[in-house]
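Below is one structure, written out as structure tokens; the observations come after it.
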Amino acid sequence: MLERKAYSRLLEWKSEDKKKALCIIGARQIGKTTLIREFGRRHYENFVEVNFVTDEGAADIFAGSLDADSIITNLTAYVRRPMEPGKTLVLFDEVQRCPNVRTAIKFLVEDGRFDYIESGSMLGVNYREVKSYPVGFEEIYRMYPMDFEEYLWANGVQPSTVEYLQSCFEQKSPLSPSVHNTMNKLFYSYIVVGGMPQVVQGYVDTHDIGKVILNQRDILAQYRLDIAQYAEGNDKIKIKAIFDGIPAQLSAKNRRFYINSIDKNARLTRYDNSFKWLDDAGAALPCYNVSEPQPPLQLNEKRSLFKLFMNDTGLLCAACMDNIQLDILNGQLEINMGGILENVIAQQLKANSFNLYYYDSARHGEVDFAVQNGTRVDLVEVKSGGDYKKHKALDNILSVGGWRFANAYVLCRDNLAAEGEVTYLPWYLSMFLRPAQPPKGLTYEVDLSGLNL
């Protein structure tokens with residue numbers, strides 16, 4: 001099995017004393033079910049899987065009373081397998097097809113006999129069908145396609161090499177030329193292959209780019225089938241038009257998504273739910289403009305101005321009309337590749353738990369990403385050509401009085417260098433751009449003795 005960072009979260013969850021049900025959501029084909037199966041088989045004496053798509057009649061388990069005794073009676077009769085309390089993990093897979101699962105999970109968690117994981121590819125788009133959410137009894141965990149670090153693991157890059165890369169990033173010291181050149185080549189291949197586990201495994205086994213593209217096109221076809229199956233009414237046409245329009249929009253000069261490119265008479269208000277559908281399904285990553293790149297960014301976002309990235313760089317390459325894979329593998333990224341590079345970085349930032357924003361104003365210019373890092377903001381500019389040290393907009397923004405930033409990065413082809421306020425990072429080191437984590441074990445208590453009168 002390909003190594004995934006989400007596995008560590010599963011181990012942490014299992015060790016919790018009063019655990020909730022873990023609800024793992026994310027786009028189709030990102031490896032959710034495979035990961036959970038492996039985890040269940042390694043760490044539980046009994047693993048039970050109920051799939052509401054492939055198991056006919058499975059929804060009948062939740063058709064009657066939703067109290068724990070009734071459900072467990074139905075469940076044990078259905079699976080016909082041992083379910084020992086305290087030693088059994090139950091996976092409810094594709095739960096978007098049985099919304100009653102999420103209503104009932106509260107009672108199952110309160111009962112406490114078994115551990116529960118829910119999973120599904122379209123959980124975000126059918127929220128209206130859930131009668132009552134198990135607030136306080138369910139933890140949402142979102143998975144994404146494999147990020148670049150996971151891709152390195154899959155390709156046999158040793159942990160010591162990753163540690164060396166991280167050390168150079170933290171110390172802002174250049175990498176050795178041989179490591180830098182090899183990492184660039186691996187990054188080129190990641191742009192083409194992407195992070196869908198099935199595609200990555202096929203590439204690792206065969207290195208056949210033709211098969212990679214065929215697998216990616218199959219996944220794109222499945223995404224379009226999901227739109228046809230799960231989207232409502234007239235939204236199907238709108239959602240498909242938006243999804244298919246992403247590559248062309250990203251190839252435009254400023255990458256911004258213009259709704260009138262789909263229909264010259266279109267209005268954003270009519271398409272707003274369609275954009276949200278793709279976001280909730282995990283198929284696309286919106287990146288909103290902010291009125292100023294200062295925290296809190298969420299309060300500064302302008303929902304009417306946004307870029308729309310695809311959830312996986314390999315799928316984006318496969319969706320492009322031109323056969324661009326060979327040019328990318330040869331490192332030819334200068335011409336018309338800026339949108340693809342931005343997509344890779346957006347995918348990595350999102351996988352690293354950043355919300356995606358950018359800043360663009362007539363006065364200062366545009367910076368590709370502004371992401372909140374604790375109480376401050378990191379600016380990230382993505383350059384595809386050799387003139388990466390020309391960044392007028394970034395300089396303008398850094399010079400604004402009263403604005404403060406944690407870091408300013410320019411991502412480029414060349415080796416790491418720090419000059420003044422700007423750090424020049426190779427594209428591949430974007431995997432170490434991570435938000436500051438709150439301190440663990442932090443407690444705060446107010447002494448009330450001063451209130452004694």
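The values are calculated or read from the model by the stated rules, or taken from the named source; none is laboratory data. Keep in mind that what you see is a predicted model, and the values were worked out from it rather than measured. Note that each Cβ is placed from the backbone with ideal geometry, even for glycine, and that neighbours are counted across all protein chains shown. Calculation scope for accessible area: heavy atoms of the full protein, side chains included, ligands and nucleic acids excluded. Shrake-Rupley method; radii C 1.70, N 1.55, O 1.52, S 1.80 Å.
Below is a table of values for the structure above.
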read-out	value
Dipole axis of segment 1-83 (+1 Lys, Arg; -1 Asp, Glu on Cβ), positive-most option in Gly57, Asn46, Ile36	Ile36
Magnitude of the charge dipole, the chain, Cβ model with Lys/Arg +1 and Asp/Glu -1, debye to 20	780
Kirkwood estimate for segment 343-425, i.e. one over the average of 1/r between Cα atoms, Å	13.2
Principal semi-axes in Å for segment 292-404 [√(5λ), Cα gyration tensor, largest first]	27, 17, 12
Met1 accessible area, 1.4 Å probe, all protein chains in place, Å² to nearest 10	110
On Cα atoms only, tilt of 235-250 relative to the major axis of the chain in degrees	30
Three-way shape label, segment 154-200, alpha-carbon gyration tensor, a/c 1.5	prolate
Unit charges on C-beta of K, R, D, E only; dipole of segment 179-265, Debye	420
Long-range HN-HN contacts of Leu411 with modeled amide H, under 5 Å	Glu381, Val382, Lys383, Leu425
Size of charge dipole - segment 308-453 - debye, nearest 20, with Cβ of Lys, Arg +1 and Asp, Glu -1, no other charges	240
Heavy-atom accessible surface of the chain: percent carbon and sulfur, 1.4 Å	48
Principal semi-axes in Å for the chain [√(5λ), Cα gyration tensor, largest first]	38, 27, 24
Accessible area per residue in Å² at 1.4 Å probe, computed on the chain	47
In Å, descending, principal axis extents of the Cα set of segment 166-236	55, 29, 14
Helix axis angle, 338-351 relative to the chain longest principal axis, alpha carbon, degrees	40
Set Lys32/Lys238; Lys211/Lys238; Lys253/Lys302; Lys20/Lys440 screened for pairs whose C-alpha atoms are more than 25 Å apart	Lys32/Lys238; Lys211/Lys238
Neighbour cut-off at most 13 other Cβ (10 Å), DSSP loop, GluC sites (Glu not before Pro), segment 324-374	none
Whole-Hz ³J(HN,Hα) from phi, Karplus 6.51 cos²θ - 1.76 cosθ + 1.60, for segment 394-408, glycine and proline x	4, 4, 4, 5, 5, 8, 5, x, x, 8, 10, 10, 6, 8, 10
Segment 31-108-segment 147-208 distance, computed between alpha-carbon centres (Å)	37
Mean residue ellipticity (222 nm) of the chain, computed from DSSP H runs ≥ 4 via -39,500 (n - 2.57), nearest 500	-12000 deg cm²/dmol
Mean separation of Cα contacts under 8 Å (6+ apart) over length of the chain, as relative contact order %	14
Given charges at Cβ of Lys, Arg, Asp, Glu: the chain dipole, positive-most of Gln249, Gln171, Tyr357	Gln249
Between 0 and 90°, nearest 10: helix 68-79 axis offset from the chain longest Cα axis	80
